[in-house]
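The values are calculated or read from the model by the stated rules, or taken from the named source; none is laboratory data. Values in this document were obtained by computation on a predicted structure and should not be read as measured data.
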Amino acid sequence: MILPDLSGKEAVSIVLEEFPDINVFSISGYIAIEYRDWEYPVLRKPFNSKELTEFLTI
């Protein structure tokens, strides 16, 4: 969600332009639960391997 030179939304837009059918998954230690206009699944840090596995099988 937070990157050095652009936002997570900007990064996703760039990727989707080139690969419109790609699945988007996000991992963040900063995104608030109340952040409602992000339409992709978010795994919040910290997480363990079981949580990561479950997240990627959505």
Go through region 46-58 residue by residue and tally those that are aliphatic (A, V, I, L, M), under 15 Å from Asn23 (Cα atoms) and part of a helix (DSSP H, G or I). 1
Considering residues of region 1-45 that are aliphatic (A, V, I, L, M), assigned to a strand (DSSP E or B) and within 9 Å of the chain's Cα centre (by Cα) only, the residue modelled with the highest pLDDT: Leu43
